[in-house]
Amino acid sequence: MEQQTLPVSCSSKFSTHMLFVCLVIFASLTPASANFYKNIDHTWGDDRVQILDNGEVIRVTLDQTSGSGFQSRGEYLFAKIDLQIKLVPGNSAGTVTAFYVSSTGEFHDEIDFEFLGRVEGDPYILQTNMFLHGVGKRETQFFLWFDPTADFHNYTILWTPLHIVLSVDGIPIRELKNRKEKGAPFPLRQPMRIYASLWNADSWATRGGAVKIDWTKAPFRAWYKNLSADGCLWSDGKSNCSSTSASWLSSTLDRLSQRRMKWAQTKYMFYDYCTDTKRFPQGLPLEC
């Protein structure tokens, strides 16, 4: 995850031919709904990560000492991942609640949902970002059309050799296509793991860092449930997929999905890096 101050706030030898062979052959190999006891590892924050309801819900906490987070035990090379999240209520200014997938290494790939904490009464900001071959600065920002603290809502990362689609409650809000004809970078070779966390980002998260965390409101808590990871598991340097079909691997956005995405972007997106010529005076990124 890259800390930015914005206006507000199958194998490593794939050829083009082999990518499409992969679409036909490879499919998913993970449970429809993960149990947090069995499918995640607590990575930081000590007992600030709490698994509840017999493994069905996980709660993360941020206090003045530390935030907290967890990761999936499995890594994936292409996946459709759903996770339901209920965000920190009240005054959450300066905090960030995150759900993302990321590879390891210096030139890592990453696909982010980041929820920027708010002054109570202001809307939450959803920031999406992507690192491609180690380079980020690909943010989009949205106001949500519901209160994300009142109940759980579903957030989806779809990652295939053809495109990446980020969705909220089944509504696509962002698509990044594989623009190989433009020479644009796209994550094809490195497996990624699922991560989630709640952490202190008050240097940039709320009103560009102008509003700091009010520690008298601590501890801050967010909740996750219904993790569903349908993807090609990675093990011993290769994907380990079954031969059953997985329609999401070759999916495209149909007309209804495109209309829904246009609705979300027109009404609720207020920042798009692909239109920010001041930020990229030498030219917009190739995928734009």
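Putting +1 on Lys and Arg Cβ atoms and -1 on Asp and Glu Cβ atoms, find which of 90, 250, 150 reaches farthest to the positive end of the dipole of segment 28-275.
250
Assuming 0.36 nm per residue, please report the length gained on full extension of the stretch residue 203 to residue 47 beyond their Cα-Cα distance. Spell out each step's value before the answer.
On the way: separation 156, 0.36 × 156 = 56.16 nm, distance 2.53 nm.
Stretched out fully, the residue 203 to residue 47 stretch lengthens by 53.6 nm.
Determine the dipole magnitude for segment 219-288: charges of +1 sit on the beta-carbon of Lys and Arg, -1 on that of Asp and Glu, nothing else is charged, the reference point is the Cα centre, and the result goes in debye to the nearest 20.
Details: 10 positive and 6 negative charges, 82 e Å.
Its charge dipole is roughly 400 debye.
Please label the shape of segment 162-288 as rounded, prolate or oblate, based on the square roots a ≥ b ≥ c of the eigenvalues of the alpha-carbon gyration tensor (a/c under 1.5 means rounded; beyond that, a/b larger than b/c means prolate, else oblate).
Oblate, because a/c is 1.5 or more while a/b does not exceed b/c.
Rounded to whole Hz and in sequence order, give me ³J(HN,Hα) for segment 250-262 from the Karplus expression 6.51 cos²θ - 1.76 cosθ + 1.60, θ = phi - 60°, writing x for Gly and Pro.
10, 6, 10, 7, 6, 4, 5, 5, 5, 5, 5, 5, 4
From the backbone phi of segment 229-236, what are the Karplus-calculated ³J(HN,Hα) couplings (6.51 cos²θ - 1.76 cosθ + 1.60, θ = phi - 60°) in whole Hz, Gly and Pro given as x?
Running phi through 6.51 cos²θ - 1.76 cosθ + 1.60 with θ = phi - 60° gives 10, 10, x, 8, 5, 10, 7, 6 Hz.
Where the only charges are on Cβ atoms (+1 Lys, Arg; -1 Asp, Glu), what is the dipole of the chain about its Cα centre, to the nearest 20 debye? Walk me through the numbers before you get to the answer.
Details: 30 positive and 30 negative charges, 156 e Å.
Computed about the Cα centre, the dipole is about 740 debye.
Convert each backbone phi in segment 135-142 into a coupling constant with the Karplus relation 6.51 cos²θ - 1.76 cosθ + 1.60 (shift: θ = phi - 60°), then list the ³J(HN,Hα) values in order as whole Hz, x for Gly and Pro.
3J(HN,Hα) across segment 135-142, in whole Hz: 10, x, 6, 10, 7, 10, 10, 9.
I need the peptides 246-254, 115-123 ranked by packing, meaning the mean over residues of other C-beta atoms within 10 angstrom, with the highest value on top. It would help to have the intermediate numbers written out before the result.
Details: 246-254: 15.3, 115-123: 18.1.
Sorting 246-254, 115-123 by mean packing, highest first, produces 115-123, 246-254.
Using a 10 Å cut-off on Cβ atoms, rank the peptides 270-283, 51-64 from the highest mean neighbour count down.
Ranked by mean Cβ neighbours within 10 Å, highest first: 51-64, 270-283.
To the nearest 500 deg cm²/dmol, what mean residue ellipticity at 222 nm is calculated for the chain from DSSP H runs of n ≥ 4 alone, each contributing -39,500 (n - 2.57), summed and divided by the residues?
Calculated mean residue ellipticity at 222 nm is -3000 deg cm²/dmol.
Return the Rg/Rh ratio of segment 60-217 with Cα-based radii and a Kirkwood Rh. Display every interim value, and only then the final one.
Numbers: Rg = 15.8 Å, Rh = 16.3 Å.
Using only Cα positions, Rg/Rh for segment 60-217 is 0.97.
Bear in mind these aren't lab numbers, they're just calculated from the coordinates by the rules spelled out. Keep in mind that what you see is a predicted model, and the values were worked out from it rather than measured. Using ideal geometry, Cβ is built from the backbone for each residue, glycine included, and neighbour counts are taken over all protein chains shown.
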